[in-house]
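Below is one structure, written out as structure tokens; the observations come after it.
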Amino acid sequence: MTEYWEGMRLIWAAPSDLYYSRDQVDFLLNHLNMLRDGEYPPEPVSSGYIGGKGKRLRPWARFTIPAEIAAEIDIRLSKCGLDRYLVEDRYCKGLDERAISQKTGLDEEEVSRRINSVIVYLTYKNHLEFTYREFKRRKLFRRGNVRVGQKNY
């Protein structure tokens, strides 16, 4: 597995090693605009070796793997309703929770909670099983955070 860490933060992962863990989703969201443009973030450490065997022919275009990764993230995000835009503001536009809070009228804690909920959904292996709404409801129910008026069975 090829991953590079800076302290406790994942700064690069090879496309072939992606399994959409929380750290990998965070990495991918930070580079989502680049992936949408068909570019994968460059490996942060080079070997220093300059030579090579020349051009390698591949049965796919260079941009297809990053585009497929971006499409997978976008498909998962598309199921997250309006919370998707909170995540895109945070990761693609670089806004912090305070700026998003001012933009949306939600308090910072709510913005942070919703962004975290989307990220957890993006890492969920069986994301096709449940809609984002069902996922949030089940997650809340498992924690025992039953809301007033919600049936407790």
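Taking the average, over residues, of other Cβ atoms within 10 Å as the packing measure, peptides 21-30, 94-103 rank 21-30, 94-103 from highest down.
Considering only Tyr121, Leu82, Gly105, whose Cα is most displaced toward the positive end of the charge dipole of segment 82-146, charges sitting on Cβ of Lys, Arg (+1) and Asp, Glu (-1)? Going by the charge dipole, the pick is Tyr121.
Sequentially through segment 105-120, phi angles give Karplus couplings (6.51, -1.76, 1.60; θ = phi - 60°) of x, 8, 6, 4, 5, 5, 4, 4, 5, 5, 4, 4, 4, 5, 5, 4 Hz, Gly and Pro residues having no value and appearing as x.
Amide H contacts under 5 Å for Ile11: Tyr4, Trp5, Glu6, restricted to partners 5 or more places along the chain or on a different chain, H placed in the peptide plane at 1.01 Å from N. Separation of the alpha carbons by more than 24 angstrom is noted, of Lys103/Lys125; Lys79/Lys103; Lys79/Lys139, for Lys103/Lys125. In sequence order, segment 122-138 has phi-based couplings of 5, 8, 5, 5, 9, 5, 7, 5, 10, 6, 4, 4, 5, 4, 5, 5, 5 Hz under the Karplus curve 6.51 cos²θ - 1.76 cosθ + 1.60, θ = phi - 60°, and Gly or Pro positions carry x.
Every number here is computed from the coordinates shown, using simple stated rules; none is lab data. None of the values given here were measured: they were computed from a predicted structure. FYI the Cβ positions are ideal-geometry reconstructions off the backbone, even for glycines, and counts take in every protein chain you see.
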